[in-house]
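The values are calculated or read from the model by the stated rules, or taken from the named source; none is laboratory data. What you see is a predicted model, and the numbers here were worked out from it, not measured in a lab. FYI the Cβ positions are ideal-geometry reconstructions off the backbone, even for glycines, and counts take in every protein chain you see.
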Amino acid sequence: MFRRDLLFGGAALLGAAGLAHLGSAMAPHGMQELVVQQATYQLRHQQTAGMVSLSSDAPPPVLYGRQGQEMRFTVRNTLDDYTAMHWHGLRIANAMDGVPYLTQMPIGPGEGFAYAFTPPDAGTYWYHPHCMTMEQMAHGLTGVIVIADAEDPGFDSEEVINLRDFRLDAADAFLPAYTARGAARGGTMGNVQTANWRQGPVYDHGAGSLVRLRVVNTDTTRIYRLYLDGGTARIIAWDGHPVSVELPVPRMGAPLLLAPGQRVDLAVVMPVEEGQQVDLMADLPGQPPRLMAGLRAVGSGPKRALAELKSLAQNPLSQPDLDRAELHEFVFGWTPEGNAPNDGFCGTMGYSFWSINRAAWAGDAATGTAPLAVLERGKSYVLRLRNESPNLHPIHLHGLAFVPIASNRRSLPPLWTDTMLLLKDEVIDIALVADNPGDWAFHCHVIEHQKTGLTGFLRVT
Ligand code: C2O
Ligand code: CU
Ligand code: CU
């Protein structure tokens with residue numbers, strides 16, 4: 001019997017363990033309720049209706065946790081569609097990973113699901129649905145998770161910047177988020193760029209102070225080209241994990257590529273003069289550089305320096321043993337015009353354009369889907385990721401962290417990550433220890449690519 005058959009047939013059984021129909025009873029202590037709902041918000045000039053968030057009039061909040069401490073959320077679905085919540089980058093138990101049919105049943109209208117997990121790593125992560133993503137993510141449901149370090153590194157304050165595009169018409173109503181044309185190529189770009197659902201917000205921080213700037217690209221399509229204008233800065237973490245090498249601070253003319261799913265943390269020294277700004281800028285094709293968000297110096301305080309910061313404690317990652325690692329290859333490319341993926345309550349574009357190892361994902365609810373590879377728990381692996389297309393793909397693996405060790409196109413710093421951007425015709429070897437058992441989704445984070453075939457999963461036994 002296939003795993004999906006078990007899940008389909010086992011909904012009633014599962015009900016006792018995880019799925020619960022929730023009344024209006026008070027949430028148990030320590031449990032935070034996340035109510036997926038329709039929202040209205042002014043992204044640009046007028047109110048935009050039909051957004052999706054965790055409240056009716058605000059962006060999805062930053063969820064705060066602490067390394068090694070349990071977090072509990074009940075996700076309650078008040079939409080007419082199904083949903084499921086995923087915690088991107090957190091190396092948690094497979095049953096809490098939020099992937100429909102692979103780790104849980106979709107959460108139906110009026111239903112809820114209780115998630116409980118203990119993040120092993122400090123850093124910047126994020127959350128988004130893994131069902132009806134083309135609707136719910138496109139319309140706003142992408143939020144940041146901050147897992148605080150066990151020991152404070154010594155910042156005066158921090159700012160979280162959630163970057164994303166929306167596709168709006170002249171009256172600020174939603175345009176169709178995705179087109180088949182876009183899905184078959186680089187993706188359908190939004191036309192309104194926002195930070196925390198606002199255009200170019202400016203946040204006040206003490207003049208001369210040390211700010212931790214957490215920047216997250218939660219967009220479903222755009223690879224942001226970002227740089228800092230003003231201030232002194234250092235990159236301290238990448239995709240959640242502290243960096244152990246000196247990286248160039250992105251400046252005008254030498255921007256940083258931040259792909260959907262990726263995060264960068266910067267330590268920023270604010271200007272000492274009141275009113276001066278440190279600006280996070282984006283290079284957008286065919287447009288002048290755009291202010292995504294600004295940090296404005298206010299007041300007067302002690303003049304801090306980057307050298308005063310304690311270095312971030314490393315996360316408990318297992319170092320792969322490259323001499324013993326087994327190699328697996330994955331080819332990301334087109335697919336011959338094939339069958340439309342199976343829908344199964346989680347949405348489909350109705351096309352298959354993309355493939356992994358020449359096979360398009362048959363759909364989240366398809367039966368009999370096999371893992372792309374089976375990894376033995378505790379063993380080291382090298383995964384060779386080959387992009388056979390002219391388009392860029394941010395390839396994301398759930399539940400495990402990995403490190404790039406080689407590319408045919410550039411020299412890559414050894415930054416631990418969960419989302420690796422593959423350039424045109426690029427082949428990247430990544431290394432990992434398969435230390436977290438379960439079925440882990442493995443897909444492109446350009447959601448149109450994911451939903452038209454560029455998805456699969458790895459099994460760690
Ligand atoms: Cu951001 Cu499958 O995830
Ligand atoms: Cu993920
Ligand atoms: Cu892609």
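Table: residues versus (1) within 12 Å of ligand 3 (Cβ to nearest atom); (2) assigned by TED's automatic domain parsing to the domain that holds Pro100; (3) modelled with pLDDT under 95.
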| site | (1), (2), (3) |
| --- | --- |
| Thr369 | no, no, yes |
| Ala373 | no, no, no |
| Ala401 | no, no, no |
| Pro414 | no, no, no |
| Ala431 | no, no, no |
| Asn436 | no, no, no |
| Gln450 | yes, no, no |
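Identify, from the list Val245, Val211, Val278, Val268, the residue that is at negative phi and either within 16 Å of ligand 1 (Cβ to nearest atom) or part of a loop (DSSP other than H, G, I, E, B) (or both).
Val245 is the lone residue from the list that is at negative phi and either within 16 Å of ligand 1 (Cβ to nearest atom) or part of a loop (DSSP other than H, G, I, E, B) (or both).
Would you check which residues across region 301-359 are polar (S, T, N, Q), within 30 Å of Met105 (Cα to Cα) and within 22 Å of the chain's Cα centre (by Cα) and list them?
Thr348, Ser355, listed by residue number.
Name the one entry in Ile395, Ile428 that is part of a strand (DSSP E or B) and either surrounded by fewer than 18 Cβ atoms within 10 Å (Cβ to Cβ) or in contact with a Cys (Cβ under 8 Å, 6 or more places away or on another chain) (or both).
Going through Ile395, Ile428 in turn, just one is part of a strand (DSSP E or B) and either surrounded by fewer than 18 Cβ atoms within 10 Å (Cβ to Cβ) or in contact with a Cys (Cβ under 8 Å, 6 or more places away or on another chain) (or both): Ile395.
Kindly list the number of the only condition in (1) within 14 Å of ligand 1 (Cβ to nearest atom); (2) assigned to a strand (DSSP E or B); (3) aromatic (Phe, Trp, Tyr) that fails for Tyr381.
(1)
Quick check on my filter: what residues within region 158-215 are of a type in the set (Gly, Ala, Ser), farther than 30 Å from Arg304 by Cα and buried (at least 20 other Cβ atoms within 10 Å of the Cβ)?
Within region 158-215, Ala177, Ala183, Gly187 meet the criteria.
So how many residues does region 205-239 have that are within 14 Å of the chain's Cα centre (by Cα) and β-branched (Val, Ile, Thr)?
Total meeting the criteria: 6.
So which residues in region 79-89 are buried (at least 24 other Cβ atoms within 10 Å of the Cβ), in a loop (DSSP other than H, G, I, E, B) and more than 8 Å from ligand 2 (Cβ to nearest atom), if there are any at all?
Ala84
Looking at the structure I just gave you, is Pro260 buried (at least 17 other Cβ atoms within 10 Å of the Cβ), modelled with pLDDT of 95 or more and over 30 Å from Thr179 (Cβ atoms)?
So Pro260 fails the test.
Residues that are under 30 Å from His396 (Cα atoms) and not charged (D, E, K, R): does region 269-280 have at least one?
yes
What tally of residues in region 325-345 results from selecting those that are buried (at least 16 other Cβ atoms within 10 Å of the Cβ), hydrophobic (A, V, I, L, M, F, W, C) and either touching a Phe, Trp or Tyr at 6+ places or on another chain (Cβ under 6 Å) or within 15 Å of Ala184 (Cα to Cα) (or both)?
4
Please go through region 194-220 and give me each residue that is touching a helix residue (DSSP H, G or I) at 6+ places or on another chain (Cβ under 8 Å) and closer than 18 Å to Thr48 by Cβ, ordered by number.
Listed by number, the list holds a single entry, Thr220.
Being of a type in the set (Asp, Glu) and either outside the structural domain of Gln37 (by TED's automatic domain parsing) or more than 18 Å from Tyr125 (Cα to Cα) (or both) is the filter here, so list the residues in region 79-104 that pass it.
Asp80, Asp81
Given the options Gly230, Gly206, Gly240, name the one that is among the small types (Gly, Ala, Ser) and within 21 Å of Ile145 (Cβ to Cβ).
Going through Gly230, Gly206, Gly240 in turn, just one is among the small types (Gly, Ala, Ser) and within 21 Å of Ile145 (Cβ to Cβ): Gly240.
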